[in-house]
Each structure stands twice: as structure tokens, then as C-alpha cells.
1. Would you kindly derive the ³J(HN,Hα) couplings of the range 109-116 from the backbone phi angles with the Karplus curve 6.51 cos²θ - 1.76 cosθ + 1.60 (θ = phi - 60°), listing them in order in whole Hz, with x for Gly and Pro?
2. Based on Cβ point charges of +1 for Lys and Arg and -1 for Asp and Glu, what charge dipole magnitude is obtained for the chain about its Cα centre, in debye rounded to the nearest 20?
3. Would you mind counting up the charge near Ala154? Only other residues with Cβ under 13 Å from its Cβ, with Lys and Arg at +1 and Asp and Glu at -1.
4. Tell me the mean residue ellipticity at 222 nm calculated for the chain from its helices only (DSSP H runs of n ≥ 4, each -39500 (n - 2.57), averaged over every residue, nearest 500).
5. List the trypsin sites (Lys or Arg not before Pro) in the range 21-120 that DSSP assigns to loop (not H, G, I, E or B) and whose Cβ has at most 14 other Cβ atoms within 10 Å. Which are they?
6. Under 5 Å between amide H atoms, partner at least 5 residues away or on a different chain: which partners does Ala158 have, H built in plane at 1.01 Å?
7. Give me the percent of DSSP beta bridges within the chain that run antiparallel, rounded to the nearest 5.
8. Net charge within 9 Å of Glu67 by Cβ-Cβ distance, Lys/Arg positive one each and Asp/Glu negative one each, not counting Glu67 itself?
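The values are calculated or read from the model by the stated rules, or taken from the named source; none is laboratory data. No experiment lies behind these values; they were computed from the predicted model shown. Ideal geometry is used to build each Cβ from the backbone, glycine not excepted, and the neighbour counts take in all protein chains shown. The area values use the complete protein model at the heavy-atom level, side chains included, leaving out ligands, DNA and RNA. Shrake-Rupley method; radii C 1.70, N 1.55, O 1.52, S 1.80 Å.
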Amino acid sequence: MSGKLITFEGPEGSGKSTQIRLLAEKLGARGIDVSVTREPGGTATGEAIRNILQHDAVNEPLSMRAELLLFAASRAQLVEQVIQPTLDRGEWVLCDRFIDSTMAYQGFARGMNIAALDRINEFAIGGRTPDLTILLDLDIEQGFERVRCRYAEAGGAADRFECEARDFHHRVREGYHQLAAREPERFRIVDAASCIENVADDIWNHVQVML
Ligand code: TMP
């Protein structure tokens, strides 16, 4: 039997990677084999693409179309090489960002054509839509405060997206809400402002019904 694909979406600092780790532990404790992956990335090709996407080359801002197609290329490689084979083995896949990030960031925030993005996403994933998408919803300022603390503790510097104006990120958040309204059967919106344990409990309530 095919495994389940659960994707995690949300604005910057919404706690996706922490929650993915906690959910993977819970599923593992129930005897479910789980693979965790991320976008862009998750394959050697995807990680190389991630590097291109995170910082502009010297004196060469990445064009919007190139950005979009690089995300799509990373996604196509990930689905074909990792996600589909893993699901075929009956394992579950938890993916940090997926098709909805393209819709929220390139579509709603950058203003690219939504119908065109739907087709590009469809081409990249070959019809393997997520079984469930957890949208970790968080106030943009709160998210950036968390990102700031993360860099203060662990080092690192803001990437191209984190450097975008706050308006851009407000459009990302609003875009996610529109996507969730468009497909309420696939999306679950979780309030990411509560403590880690509460957020994990909310997510677990949504996932438990799939067991
Ligand atoms: P993250 O993995 O640290 O969240 O960084 C990935 C960044 O790339 C994040 O700012 C969201 C952005 N992104 C897009 O703009 N479009 C996409 O399709 C994906 C997967 C990510």
C-alpha cells in the first residue's frame, strides 16, 4: 500500500522543521516508516539548486521566471528520485515546503500568473498531490523575530527571501489563506503562535485520523 505524503507550509519562522521532526518521532513510535525531506533541496541536484536560489550571483539578480523554474526543477527531481519511490515502498514522507510555496511566494507575493503556476506545478509533480498539507500560520513579525533569534544562536545570514520587504511576506501569508480556502479538504491551518507542544498536539490531531 502506498504511503502518505504530508507537506508543511508557512511563512518564515513558522516552525516547520521543528514540527516535522516531532511528527516524524510520533509516527515512528507507532511503527510507521517515515522519511523527512525539504524543498528546495532533498536531492544532490536540489541542494545545488537551493544554493543558487538563496543568494544572487554577483551583479546578477535572479529573474522571476528563472527562480520559478529552478523551484520546479528541484521539485521534479525530488518527486521522481525520492518522494514517489518512498511512497511506493509504503513509507510516509514529510516534506518541508512543496507546491503551495510556489503558489504563495511566486504567485501571490511576486504576482506571477496563478493558472500558469498550477500547470508548472502539475508538470513537476506528475499528479502526486499531498494527502495532507499543514499550514503553520503565524504573524509575520513574530516569524521574523524567531528567524532573528535563530541566526543569533546558530549564526548564518538572511537569504534572498528573508530580505524581501514585509509587504511581500504579508502577501505570502494571505496567499496561503487563499490556497487553504481553495482546497479545504487537503489543508489544515494550525496556529503556530502557541508553544511547540501545543502546535505539535494540534498537528497530531489532524494526522491521527489518517492512521
Ligand atoms: P526555507 O527552506 O528555509 O524555508 O527556505 C526556502 C525559501 O524559498 C523560503 O523563503 C520560501 C522560498 N520558496 C519559494 O519562494 N518558492 C518555492 O516553491 C519554495 C519551495 C520555497
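1. Coupling constants for the range 109-116: 7, 7, x, 6, 5, 4, 5, 5 Hz.
2. It comes to approximately 300 debye.
3. +2
4. Computed mean residue ellipticity for the chain: -15000 deg cm²/dmol.
5. Arg30, Arg89
6. Under 5 Å from the amide H of Ala158: no residue qualifies.
7. DSSP beta bridges in the chain are roughly 5 percent antiparallel.
8. For residues surrounding Glu67, the net value is +3.
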